[in-house]
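Inspection log for the structure reproduced underneath, given as structure tokens.
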Amino acid sequence: MNMMNKYVDLEKVVEESGLASTMKSGSLAVLATPQLAAWMEETACACIGQANDLTVEPEEQEAMTSVGTKLNLDHLKASPLGATIKVRATLTKVDGRKMEFWCEAWQGNDLIGQASHTRVMVDAAKFVNKTYGFKQ
């Protein structure tokens, strides 16, 4: 089954914890760019959960997780507290364990953000052990 152009939509609401003024990424009470980035990554992860044709052996799948390696985000328009944001991540390319996504965020009919995003499938235990310097 070809999963190219497979997409997932998530709906999010701008809460106080995701404001630029709260996250210290600015002084205004508007959607923070780091919160938008996190929503795009979350949506891409949800898309991976539905993409069952990745080149990972079935016996490896339970031990695998994905890590984000690149996010090139354009935050195009401010969104206020309480705004409903629709985020879409579309899987555009799979190359072995590497996946590329195109993400968009909409407030109503207005495009408020877009990004290219890359994730890589890794063995979770090996990744954490290497990160914290433990021997495998």
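Just so you know, all these numbers are worked out from the coordinates, no wet-lab data involved. Source: prediction; values computed, not measured. Every residue, glycine as well, gets a Cβ built from its backbone with ideal geometry; the counts of neighbours run over all protein chains shown.
Note on the chain: dipole from Cβ charges, positive end direction compared against GLY133, ALA83, ALA20; the farthest Cα belongs to GLY133.
Does the chain come out rounded, prolate or oblate, given a ≥ b ≥ c as the square roots of the eigenvalues of its C-alpha gyration tensor, rounded meaning a/c under 1.5 and, failing that, prolate meaning a/b above b/c? Oblate shape, in that a/c is at least 1.5 and b/c is the bigger or equal ratio.
Please report the spacing between the Cα centers of the stretch 1-45 and the stretch 63-136 in Å, no decimals. Each part reduced to its Cα centre gives a spacing of 10 Å. Helical content alone sets the calculated 222 nm signal of the chain at -6500 deg cm²/dmol, taking -39,500 (n - 2.57) per DSSP H segment of four or more residues and averaging over every residue. Contact order, relative form, for the chain: 28 percent (alpha carbon pairs under 8 Å, 6 or more residues apart, mean separation divided by residue count).
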